[in-house]
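S.K.: Can you read through this structure? Questions will come right after.
The values are calculated or read from the model by the stated rules, or taken from the named source; none is laboratory data. All values reported here derive from a predicted model rather than from experimental measurement. For neighbour counting, all protein chains shown are included, and Cβ atoms are generated from backbone atoms with ideal geometry for every residue, glycine included. In case anyone asks, the SASA skips ligands and DNA or RNA and just uses the protein heavy atoms, side chains included. Shrake-Rupley method; radii C 1.70, N 1.55, O 1.52, S 1.80 Å.
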Amino acid sequence: MWTVLFLISLAILVPCYAAAIAQLVAHRRIKWLPSPFLLVLVSTGIAGYLAYFCMYCDIFSEQNAGIARALAVSVYDTRRLFGLEGEYPSLVNAAAEAGAMLPALMPLYRIFIAVIFVVTPILTLGVVLSFLQDFLAYLRYMRGYFAKKYVFSQLNQKSVALANDLREKYPRAVIVFTNTISNTEDKTSELLESAKDLKAVIFKKDITSVRFGFHCRWKELSFICISETEEDNISDAVSLKDKYDRIGTNMNLYVFSTNAAGEMLLSNHGAEKMRVFRINDARRRVQNFLWEHGEEFFRDEETYPGVGDEVIQKDYLPKKRSEFREINCVIVGLGKYGTELAKALLWYCQMDGYLFSLHIFDKDPDAEKRFTALCPEIMDKSINGKNLNREAYYDVTVHSGINVEGSEFADEIKKLYRTTHVFVMRGNDEDNIRTALQLRTLFEQMTNDINPKIRTVVYNKKLADRLQVATHWRRQKPYRIDFIWGLENSFTEEVLLAPAFEPTALLRHLKYGKLHDVVPELVGCAPTETVRIKARLAREVAREEKRLVRQRTGEENEPLPQSDKRRCLDAMTTFWQYEYNYNSSVASTIHRKAKISVFPCTETEPALREEQDLWTLRVMEHSRWNTYMRTEGYVYTQIMDENSRNDLGKKHHFIVGFDLLPEEQKEKDDD
């Protein structure tokens, strides 16, 4: 029995210790496994119990109910083992005297018992310290009862960057980090020091294991699921919804997720008390970039001669190609950020008087197939690069399987001598900087002194700031490379949680239902105020409907009349509830800001516009909408019938040229 139980103990102890060490080395929890501390604690306890059980089975072997007594006394001695009262010689000598252990295993057994006796005091001390740490952390959390709270699902670089921004804006807010694992690694130690500098509350448990229901209902409690993997974010979000939905007064749930599972699980959340927001950080960064810097695409005064005199029907009057300015973009890297940027540039650059072309380079041999699968009609040969009557114009080329380090990439770039904008998005700072510098060198080698704007992603803000002012050693010539989307610049409340364009986008969403006048306070309000305005409107609607219920004299089941406030409240709910509504309104808002800079008449009421301006803006808006829908994967239904629309199948009956629209739909393009 000694040998068998010893081998069972090893089979339990060794895998558990290995799993605990693996989690510590990886700096993250494995969802389906207990915490490293719990793994070591339980496996050590079981191993110690089995060791005592063997000893007492021999002692009580000749007594009545010997097995039962051995079971009971082993529990008592295992408790004493963790209470620093265990006796190492008794276990080792008992095994030797019994003679039941194989001689070859005795040295290993002595080491095994020694490990247990060394580890158990450490575990006991760890339990006490962990209890005190969690207890003190929860006391600090409760002390901020009347403060705004932000709870992060993991301590990592992204969460620390966002927490720094929130601390700067809300000095009295309570910031909480969960799922923190302390070790001596430099990266983890640095993150923990950053969290302490923020005066954050730190829990070792994951976000779903700590009870956060204790908070003032008048102050927001925001959960931010921002772990390293999307699977963890979605799992945490679903658990938090189930846990707090019934008591979720004034609670927000921000989930960083871009995959299809997240969209399906988190889309229908209109009836719950907890407000749920799915954050696609790549799309938010692109939207914020276009909102703040997009007008630069249309301010470039540089023109290129010798374009030719081909006639293009882009406006409601035909123009020669030489009368258009060109926006010719290059994107290197078709990953998460490159894909979102490519899709956004396609609809954003639909501006009358401009022609847009896009060249995308990626090392994946199937890059073009992947992009075509995402946006089938964008890459449709009957549309892409074609001058269609009163339709969107774009010319997209995906260069698949191109290694940027090879000569083929340089040869292709040299053919693009009309390039105006370049974006490098390869995945890490070193590759991005090297490729951006390589592209600047290639463009400098061209004979026509071309000077495109080059932008690349650099996550390290300090490095980006130093590189931004760097100059070449000879003649001190600047490299003219812009470094964008650093962690500290892009992981902020304005970019991710409450974008500056959100109130305007909400108003545009309400405008579709002619409800934008119901909440005039949305005009010019801060992004963080939109949720409060909606909550105030909800209280007003509830009071009005209660009054109507008390006054009604008809049938009890008769529905209440739909007031403008009720319709407005429902529309505001669907703005955040369905990503189609949110993203479509945001795209329209961002594009309209650019249109105002190019066509000031955009701000004039449609009824007061000159006829040419009226039709120009209508055609332009429909071209933008067509392109936006195509970048979202929508295709034409092949029949102009509203019943043929299928949002699940991404089919729409109005993705056609402007002249094919019914007259009432043309009027809806008044912007």
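S.K.: When you scan segment 102-199 for helices (runs of 4 or more DSSP H) that lie fully inside it, which ones turn up with 2 or more residues that are of a type in the set (Asp, Glu) and open to solvent by less than 90 Å² (accessible area, probe 1.4 Å)?
M.R.: Details: elements: 106-143, 157-169, 186-197.
Those helices (runs of 4 or more DSSP H) do not exist here; none qualify.
S.K.: Then there is this: May I ask you to say which residue of 35, 74 is more than 18 Å from residue 3 (Cα to Cα), at pLDDT 70 or above, open to solvent by less than 50 Å² (accessible area, probe 1.4 Å) and out of contact with any strand residue (DSSP E or B) (no Cβ under 7 Å at 6 or more places or on another chain)? Working first, answer last.
M.R.: On the way: 74 fails: more than 18 Å from residue 3 (Cα to Cα).
Residue meeting the stated conditions: 35.
S.K.: I've got another one for you. Applying the selection to segment 617-650, what residues are in a strand (DSSP E or B) and either open to solvent by less than 30 Å² (accessible area, probe 1.4 Å) or in contact with a Phe, Trp or Tyr (Cβ under 9 Å, 6 or more places away or on another chain) (or both)?
M.R.: So the first thing to find is which residues in segment 617-650 are in a strand (DSSP E or B), and the list is 635-636, 646.
Passing the criteria: only 636.
S.K.: If you don't mind, another one. Taking only segment 428-452 into account, find how many residues are modelled with pLDDT of 90 or more and either in contact with a Cys (Cβ under 7 Å, 6 or more places away or on another chain) or open to solvent by 70 Å² or more (accessible area, probe 1.4 Å) (or both).
M.R.: Result for segment 428-452: 3.
S.K.: Another question about this same structure. Which of (1) hydrophobic (A, V, I, L, M, F, W, C); (2) modelled with pLDDT under 95; (3) buried (at least 17 other Cβ atoms within 10 Å of the Cβ) is the odd one out, the single condition residue 388 does not satisfy?
M.R.: Just one mismatch for residue 388, condition (3).
S.K.: Which one of these is assigned to a helix (DSSP H, G or I) and either touching a residue at least 24 places away in the same chain (Cβ under 8 Å) or hydrophobic (A, V, I, L, M, F, W, C) (or both): 235, 222, 227?
M.R.: Unique residue meeting the criteria: 235.
S.K.: Give segment 516-543 a look and list any residue that's at pLDDT 85 or above and touching a Lys or Arg at 6+ places or on another chain (Cβ under 8 Å), or say none.
M.R.: Result: 518, 537, 540, 541.
S.K.: Here's a follow-up. Output yes when any residue across segment 546-568 is in contact (Cβ under 8 Å) with a residue 40 or more places away in the chain and buried (at least 19 other Cβ atoms within 10 Å of the Cβ), and no when none is.
M.R.: yes
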